[in-house]
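Just below is one structure, and these are the notes that go with it.
The values are calculated or read from the model by the stated rules, or taken from the named source; none is laboratory data. Keep in mind that what you see is a predicted model, and the values were worked out from it rather than measured. Quick reminder, even Gly has a Cβ in these numbers, built from the backbone with ideal geometry, and neighbours come from all protein chains shown.
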Ligand code: F6R
């Protein structure tokens with residue numbers, strides 16, 4: 001893994017922007033896997049403020065809550081529109097449909113989308129427990145798109161965005177670790193002390209389903225962009 005320790009999220013965003021621009025220079029119809037959450041926000045801001053052109057590109061998001069539609073400001077479709085898509089149009093944006101009546105059929109539909117549009121470059125954040133997407137500890141490494149029961153720790157972590165803990169959805173649809181690992185390139189962002197242990201386990205720990213992101217050690221093109229606080233427990237810096 002190529003670990004870049006940056007002094008600000010803006011610096012991290014510029015490193016990622018360059019990787020995106022290089023990818024688009026190779027193929028302006030590239031497929032980008034995108035994430036929500038706080039970690040990629042500085043990058044989306046940098047992209048919006050740049051002259052990067054996504055109009056021939058495709059995006060495929062990692063995940064969506066079950067039961068929230070695009071009008072709900074906590075849905076991931078709402079997040080992506082307000083942080084990126086409304087300001088930087090793509091040829092097409094794919095997200096799981098959290099309102100699908102038949103969730104099993106929705107996971108199949110999403111797998112087909114990923115098969116038809118192999119991801120060139122995937123953005124990831126990481127949970128405090130090492131999750132990527134909504135792939136919580138214990139998730140098999142070869143899983144494809146699936147419906148997830150959120151763990152108490154993830155519900156707790158996300159409660160700050162909702163009126164109260166009870167308003168946090170209990171399920172999500174997530175791209176699987178198997179699909180994430182098929183992406184040709186991966187950028188993982190992590191900022192802040194709360195991510196330090198997960199980053200240490202991911203980079204210097206053993207590859208184990210207890211730390212889903214540790215699987216990234218088996219991928220040959222991962223750039224990890226972290227600040228000093230997230231890097232603070234690393235032995236080799
Ligand atoms: C979001 C996602 C999650 C987040 C992770 C970190 O689409 O898939 O895995 O990346 O929970 O969230 P933040 O960045 O808010 O700390």
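Return a yes/no flag: does segment 72-85 have any residue that is in contact with a helix residue (DSSP H, G or I) (Cβ under 7 Å, 6 or more places away or on another chain) and under 13 Å from residue 169 (Cα atoms). So that I can check it myself, show each step before the final result.
Quick first cut of segment 72-85, residues in contact with a helix residue (DSSP H, G or I) (Cβ under 7 Å, 6 or more places away or on another chain) only: 72, 74, 83-84.
Next, only the ones that are under 13 Å from residue 169 (Cα atoms) stay: 72, 74.
Within segment 72-85, one or more residues are in contact with a helix residue (DSSP H, G or I) (Cβ under 7 Å, 6 or more places away or on another chain) and under 13 Å from residue 169 (Cα atoms).
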Within segment 136-155, restricting to residues that are within 12 Å of the ligand (Cβ to nearest atom), modelled with pLDDT under 90 and not in a loop (DSSP other than H, G, I, E, B), the one that is nearest to the chain's Cα centre (by Cα) is 154
Any residue at all in segment 157-174 that is modelled with pLDDT of 95 or more and touching a helix residue (DSSP H, G or I) at 6+ places or on another chain (Cβ under 7 Å)?
-> yes
Considering segment 104-117 alone, what residues qualify as being buried (at least 17 other Cβ atoms within 10 Å of the Cβ) and farther than 30 Å from residue 46 by Cβ?
-> 106, 107, 111
All-but-one check, residue 182 against (1) surrounded by fewer than 18 Cβ atoms within 10 Å (Cβ to Cβ); (2) within 13 Å of the ligand (Cβ to nearest atom); (3) at negative phi, failing number (2)
Would you mind telling me which numbered condition in (1) within 14 Å of the ligand (Cβ to nearest atom); (2) closer than 15 Å to residue 153 by Cβ residue 133 fails?
-> (2)
Of all residues in segment 68-100, how many are in a loop (DSSP other than H, G, I, E, B), at pLDDT 95 or above and loosely packed, with under 15 Cβ neighbours inside 10 Å?
-> 4
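Name the single residue that is farthest from the ligand (Cβ to nearest atom) among those in segment 29-49 being within 21 Å of residue 223 (Cα to Cα) and more than 15 Å from the chain's Cα centre (by Cα).
Per the stated criteria, the residue is 30.
Could you list all residues from segment 81-100 that are within 16 Å of the ligand (Cβ to nearest atom) and out of contact with any strand residue (DSSP E or B) (no Cβ under 8 Å at 6 or more places or on another chain)? Steps first, please.
Applying the first criterion (within 16 Å of the ligand (Cβ to nearest atom)) to segment 81-100 yields 81-85, 93-98.
Within segment 81-100, 81, 82, 83 qualify.
I'd like the residue in segment 161-171 that is part of a helix (DSSP H, G or I) and more than 20 Å from residue 77 (Cβ to Cβ) and, out of all such residues, is nearest to the ligand (Cβ to nearest atom). Before you say what the answer is, go through the steps one by one.
Narrowing segment 161-171 to residues part of a helix (DSSP H, G or I): 161, 165-167.
Checking the rest, the ones that are also more than 20 Å from residue 77 (Cβ to Cβ) come to 165-166.
Details: 165: 16, 166: 20 Å.
Per the stated criteria, the residue is 165.
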Filtered residues of segment 200-237 (kept if within 13 Å of residue 131 (Cβ to Cβ) and surrounded by 15 or more Cβ atoms within 10 Å (Cβ to Cβ)) = 201, 202, 209, 211, 212, 213, 214, 215, 216
Looking only at segment 50-80, which residues are more than 14 Å from the ligand (Cβ to nearest atom), farther than 24 Å from residue 111 by Cβ and either without any contact (Cβ under 8 Å) to a residue 12 or more places away in the chain or in contact with a strand residue (DSSP E or B) (Cβ under 9 Å, 6 or more places away or on another chain) (or both)?
-> 51, 71, 72, 73
Scan segment 172-193 for residues that are assigned to a helix (DSSP H, G or I) and more than 25 Å from residue 17 (Cα to Cα) and report the count.
-> 1
Exactly one of 103, 17 is more than 21 Å from residue 182 (Cα to Cα), in contact with a helix residue (DSSP H, G or I) (Cβ under 8 Å, 6 or more places away or on another chain) and more than 12 Å from the ligand (Cβ to nearest atom), and that residue is 17
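Could you list all residues from segment 114-130 that are away from the ligand (no atom under 12 Å from the Cβ) and either without any contact (Cβ under 8 Å) to a residue 12 or more places away in the chain or assigned to a strand (DSSP E or B) (or both)?
Pass one, segment 114-130, residues away from the ligand (no atom under 12 Å from the Cβ): 114-121.
Residues satisfying the conditions are 115, 116, 121.
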Among the strands (runs of 3 or more DSSP E) contained in segment 5-67, which hold 1 or more residues that are within 17 Å of residue 184 (Cβ to Cβ)?
-> 31-34, 58-61
